[in-house]
């Protein structure tokens, strides 16, 4: 059984795959300098790897979530990517993410203090938790990750 470790390098703006026991990683996302191109990342943070080894990346400073299919040299914007903001098409620093078996994406939208769900192919998300400003209330978050 092969085991893998995926590492998001915030400063190099890339994601690398390491096979356990090896110390040289393979580039799987970004790696073309800091930027907003489809082959670039800008402060990548959280990762989710699906069963087909596709890599989902919270592209923090581009305010988008990117999907890099296994072996791809460029990613696909699957959520956000419409600048920084609070509209349902935008993020303000996306962080933690999860993709379920139906391809639905869940993202912690840090500075908007909410969690957003994006169904596969959707053009905007739906707030499923938070989104009521920063605070201590049961319906509020303080910078969710």
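Only the coordinates and a few stated rules stand behind these numbers; no lab work does. Just so it is clear, the model here is predicted, and its values are computed rather than measured. Don't worry about glycine lacking a Cβ; one is built from the backbone with ideal geometry, like all the others, and counts go over all protein chains shown.
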> Pick from the range 38-52 the residues that are without any contact (Cβ under 8 Å) to a residue 40 or more places away in the chain and under 15 Å from the mean Cα position of the chain (by Cα): which of them is nearest to residue 72 (Cα to Cα)?
Replying inline: 39
> Within the group 57, 15, 28, which residue is within 23 Å of residue 141 (Cα to Cα), in contact (Cβ under 8 Å) with a residue 40 or more places away in the chain and surrounded by 21 or more Cβ atoms within 10 Å (Cβ to Cβ)?
Replying inline: 57
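Okay, residues lined up against (1) touching a residue at least 40 places away in the same chain (Cβ under 8 Å); (2) closer than 19 Å to residue 50 by Cα:
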position	(1), (2)
69	no, yes
86	no, no
95	yes, yes
101	no, yes
111	no, no
126	no, no
